[in-house]
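A short worksheet on the structure shown next.
The values are calculated or read from the model by the stated rules, or taken from the named source; none is laboratory data. Everything quoted here is computed from the prediction, not taken from an experiment. Please note: Cβ atoms are built from the backbone with ideal geometry, for glycine as well, and neighbour counts cover all protein chains shown.
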Amino acid sequence: MTGLPALSSRRERISVWGLLFLTLALFVLCLFIGSVCIPASEVLTVLTGGEPSRESWAVIVIGSRLVTAIVALLSGSALAIAGLMLQTTFANPLAGPSILGVSTGSSLGVAIVMLAFGGALGFVGESLGIVLAAIAGAMLVLVLLLLFSRILNSSVMLLIVGILVGYLSSSAVSLLNFFATQEGVHSFVIWGLGSFSGVSQSRLLVFA
């Protein structure tokens, strides 16, 4: 029985190193594989600061593939941190942005801006307005959950409240979709599908 903790610790270390290796491998694959076929030697030339055979290849590797890979890495890290913070805050291993309705609240904020206000808030641009709306919707749901956590002593009840808030937000999104224009619904669906290519090289630092 004395060997069980050491075995568990060893398995955890193997899992961590395995995930790190897999993440690094996928990051590298994103640089070498894409819709445009670029030889591996040319990709290495671009990454090391050399001049490729075609000037467009440098733009694709640095301006598209590298940025997309970094955005994917940052997004995955942010989701993991968000889940850990919610689990720690609510002392529940099942807590997460999707289960507690935080993600749905973010979608509701974006739906209000894109479907009701045409993609902008008047005093900000379209892209910034959508980002602010997503943050505001997620924060509103999170504040509600924190208020309920002070009233409810059961973590199970808090999860039920989070699921309820998520369903209410989803219903509100469906209602906005019903009254929205065809172009607005299409734009909202595209946003919901998500894309790592939406962040340009000039906006990468702000995104990070």
Inspect all residues belonging to the range 44-60 and state whether any of them is under 26 Å from Ser200 (Cα atoms), assigned to a helix (DSSP H, G or I) and among the polar types (S, T, N, Q).
yes
Condition test on Ile62, is it touching a helix residue (DSSP H, G or I) at 6+ places or on another chain (Cβ under 7 Å), surrounded by 14 or more Cβ atoms within 10 Å (Cβ to Cβ) and not assigned by TED's automatic domain parsing to the domain that holds Val206?
yes
Taking first residues from the range 35-54 that are without any contact (Cβ under 8 Å) to a residue 24 or more places away in the chain and second residues anywhere that are of a type outside the set (Val, Ile, Thr) and not in a helix (DSSP H, G or I), the pairs with Cβ under 7 Å that are 6 or more apart or on different chains are Glu42/Pro52; Glu42/Ser53; Thr45/Pro52; Val46/Pro52
(1) modelled with pLDDT under 90; (2) touching a Gly at 6+ places or on another chain (Cβ under 8 Å); (3) within 23 Å of His186 (Cα to Cα): which one isn't true of Gly122, the others all being true?
(2)
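Confirm whether Val189 is at pLDDT 85 or above and buried (at least 17 other Cβ atoms within 10 Å of the Cβ). Even if it seems obvious, please write down each step before you answer.
Working: at pLDDT 85 or above: yes; buried (at least 17 other Cβ atoms within 10 Å of the Cβ): no.
Judged against the criteria, Val189 is not a match.
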Check every one of the helices (runs of 4 or more DSSP H) wholly within the range 91-182 and list those with 1 or more residues that are out of contact with any His (no Cβ under 6 Å at 6 or more places or on another chain), without any contact (Cβ under 8 Å) to a residue 12 or more places away in the chain and outside the structural domain of Ser77 (by TED's automatic domain parsing).
126-151, 155-179
Which residues, taken from the range 25-59, are within 19 Å of Val71 (Cα to Cα), exposed (fewer than 11 other Cβ atoms within 10 Å of the Cβ) and at pLDDT below 90?
Ser35
Per the list (1) farther than 24 Å from Arg203 by Cβ; (2) surrounded by fewer than 16 Cβ atoms within 10 Å (Cβ to Cβ); (3) of a type in the set (Val, Ile, Thr), residue check on Ile135 breaks on (1)
Check Ser77 against each of (1) closer than 29 Å to Leu132 by Cα; (2) crowded, with 16+ Cβ neighbours inside 10 Å and name the one condition it does not meet.
(2)
